[in-house]
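The structure appears right after this line, and notes come after that.
The values are calculated or read from the model by the stated rules, or taken from the named source; none is laboratory data. Since the structure is predicted, the reported quantities are computational estimates derived from the model, not experimental observations. Note: ideal-geometry Cβ built from the backbone for every residue, glycine included; neighbour counts use all protein chains shown.
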Ligand code: SF4
Ligand code: SF4
């Protein structure tokens, strides 16, 4: 057992509804009933209460199945948690569809948004305007796209129109294999695309999850990450604490940024230092030679090829 001074939590409550309907959405879509929404709200408020009283420093990335920021309780909780002295970062994955006026109530030194652009779900101009509004409000955020061929033109246009200070990440599409030429197209937009292009072999490899990073669901069930079902304990009875410690990954590969970013064999805690949860590189915008070095480094560090799960 170890007792980290800082605990990173990936929180995913039962909320599953979304105002968008992306064809590539990895999550089963549903309409949440009023009763389900009440359960989600109560679960989030209980989690927020635990964070408020936590003895260690805390960072949280909310990774809802659906869209959280359309719900008032997510907006309020993010704003409230961002003011706590022992909270280093409060971030959420979002489609950025919700007007950002709610961020006025937040501590913008702590709040951050992981934004995703879904080209077939939102008018381009509206999305770019939303990014501009976030910038003018001083909100810290990244923007990304799923690297599907049909998204490339829109992603290029977005990269051209966004200020250089805004990092645009690209996720390799699920089940999609990229030729070197295709990968180069995406890497021209995101110099760190090489980390996403292939799944990372992980069986038996070290991973900070289960030690200083955990996944928590709406009932407080603690797992090491969203991808390994083994339960470590519960957040609310404290039983998870005795299970914290180093343990190798049991999965053959890790193909999601919110997972492999925590593998110490990858340099991502350095690449994204200060912005690990919201996916913002430490050096951004990078100097041209830094970009080239990063891509080369990534290829060199790869220990083996694998197919995305
Ligand atoms: S915005 Fe995200 S959660 Fe909503 S449908 Fe698209 S991929 Fe799924
Ligand atoms: S490498 Fe990925 S799948 Fe394995 S334990 Fe870490 S986050 Fe989970």
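Every residue in the range 251-309 that is assigned to a helix (DSSP H, G or I) and at pLDDT 95 or above, please. Steps first, please.
Of all residues in the range 251-309, those assigned to a helix (DSSP H, G or I) come to 257-260, 268-271, 288-301.
Answer for the range 251-309, where residues must be assigned to a helix (DSSP H, G or I) and at pLDDT 95 or above: 257, 258, 259, 260, 268, 269, 270, 271.
The numbered conditions (1) surrounded by 20 or more Cβ atoms within 10 Å (Cβ to Cβ); (2) within 16 Å of ligand 2 (Cβ to nearest atom); (3) farther than 19 Å from residue 267 by Cα are all true for residue 196 except (3).
Yes or no, residue by residue, for (1) away from ligand 1 (no atom under 16 Å from the Cβ); (2) under 19 Å from residue 70 (Cα atoms):
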site	(1), (2)
127	no, yes
135	yes, no
154	no, no
157	yes, no
179	yes, no
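Considering the conditions (1) closer than 16 Å to residue 257 by Cα; (2) surrounded by fewer than 16 Cβ atoms within 10 Å (Cβ to Cβ); (3) more than 16 Å from ligand 2 (Cβ to nearest atom); (4) at pLDDT 95 or above, residue 175 is excluded by exactly one of them, (4).
For (1) modelled with pLDDT of 95 or more; (2) more than 23 Å from residue 139 (Cβ to Cβ), each residue gets a yes or a no:
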residue	(1), (2)
27	no, yes
31	no, yes
42	yes, yes
53	yes, yes
61	yes, no
70	yes, no
73	yes, no
77	yes, no
82	yes, no
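Among the residues of the range 230-249, the ones that are touching a helix residue (DSSP H, G or I) at 6+ places or on another chain (Cβ under 7 Å), outside any loop (DSSP other than H, G, I, E, B) and surrounded by 18 or more Cβ atoms within 10 Å (Cβ to Cβ) come to 2 in all. Has the range 56-67 got at least one residue that is buried (at least 20 other Cβ atoms within 10 Å of the Cβ) and part of a helix (DSSP H, G or I)? No, the range 56-67 has no match at all.
Among the criteria (1) under 20 Å from residue 99 (Cα atoms); (2) in contact with a helix residue (DSSP H, G or I) (Cβ under 8 Å, 6 or more places away or on another chain), the one residue 52 does not fulfil is (1). Taking the options 132, 204, 175, name whichever one is more than 19 Å from the chain's Cα centre (by Cα) and not in a loop (DSSP other than H, G, I, E, B). On inspection, the qualifying residue turns out to be 132. Summed over the range 212-229, the residues that are part of a loop (DSSP other than H, G, I, E, B) and either under 17 Å from the mean Cα position of the chain (by Cα) or near ligand 2 (Cβ under 10 Å from one of its atoms) (or both) give a count of 6.
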